[in-house]
Amino acid sequence: MRVLIYGAGAIGGYLGALLARQGVEITLLARGTTLDALVTEGLHVAWADGRSLHVRPHACAPGEYQDRFDLVFVTLKSMQLADAAPDISRALVPGGALVMIQNGLPWWYFERIESPWRGMRLHSLDPDGALTAGFDLEAVVGAVIYRPVMVTAPARLFVPHLAINRLVVGEIDNRASTRLQTIAQLLSGTGLQVETSTNIRAAKWAKLLMNLV
């Protein structure tokens, strides 16, 4: 399985490092000094308990990947998604999955569920419809991660001493699908506690409320 981490910041870099340590074929997408550091020095992760990890996964800039990917973890901030949507979609093979790891409510909140507001667009999240037009909802998997990670320098990460280390994934129509199990299996050896959810919106609210507190 070919895996792309779209956005090699704190969470993207951390997830990419864990997968690379497991021998998964991954590519990290980055820009500027982060991309330069990944290419020349690789990715360094340090934990508060003294552990460290150095991996050298393939890295590239947007649009420069040579192959398309079966699975894309999108770890950009929500406000960056619209500009990146065309490139993210081009990176995915037909039938592939986009695991969208962002805080807050998603633009697809009222899609694919029984609701009086089904199909309503949240204008605060997708004001001009770019996200609705740019992503195939069949490919989208919602996700929430509980893992503080800090960027201390380009391609250098520090993981504080906190017990919580969870990733929750769920289909936007709340199905218990086979691909959720595939994603969980892929990540099973990384040390992340991966949970599949049949109510990813509730998981999004739980994380949002925790962040607000």
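No lab work stands behind these numbers, since they all come straight from the coordinates. Because the structure is a prediction, the values reported are computed rather than measured. With ideal geometry, Cβ positions are generated from the backbone for all residues, glycine too; neighbour counts draw on all protein chains shown.
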Failed item, numbered, when Tyr65 is tested on (1) over 16 Å from Val140 (Cα atoms); (2) not in a loop (DSSP other than H, G, I, E, B): (2)
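From the list Arg121, Arg201, Arg175, exactly one residue is charged (D, E, K, R), over 25 Å from Arg2 (Cβ atoms) and not in a helix (DSSP H, G or I). Which is it? First the steps, then the outcome.
Working: Arg201 fails: not in a helix (DSSP H, G or I); Arg175 fails: over 25 Å from Arg2 (Cβ atoms).
Answer to the selection: Arg121.
Determine whether Ile164 is free of Cβ contacts under 8 Å to residues at least 40 places away in the same chain and hydrophobic (A, V, I, L, M, F, W, C). Show your work before the answer.
Numbers: free of Cβ contacts under 8 Å to residues at least 40 places away in the same chain: yes; hydrophobic (A, V, I, L, M, F, W, C): yes.
Yes: the conditions hold for Ile164.
Looking only at region 117-165, count every residue that is charged (D, E, K, R), touching a Phe, Trp or Tyr at 6+ places or on another chain (Cβ under 9 Å) and surrounded by fewer than 15 Cβ atoms within 10 Å (Cβ to Cβ) and tell me the total.
In the first step, residues of region 117-165 are kept if they are charged (D, E, K, R); the result is 118, 121, 126, 128, 136, 138, 147, 156.
Imposing the further condition that a residue be touching a Phe, Trp or Tyr at 6+ places or on another chain (Cβ under 9 Å) reduces the set to 118, 121, 126, 147.
When the remaining residues are screened for being surrounded by fewer than 15 Cβ atoms within 10 Å (Cβ to Cβ), the result is 118.
The number of residues fulfilling the criteria is 1.
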Could you tell me how many of the residues in region 1-38 are crowded, with 16+ Cβ neighbours inside 10 Å, more than 16 Å from the chain's Cα centre (by Cα) and farther than 22 Å from Tyr146 by Cα? 4
Within the bounds of region 174-182, is there any residue that is buried (at least 16 other Cβ atoms within 10 Å of the Cβ), farther than 23 Å from Asp87 by Cα, in contact (Cβ under 8 Å) with a residue 40 or more places away in the chain and out of contact with any helix residue (DSSP H, G or I) (no Cβ under 6 Å at 6 or more places or on another chain)? yes
Looking only at region 23-74, count how many residues are farther than 18 Å from Met1 by Cβ and among the polar types (S, T, N, Q). 4
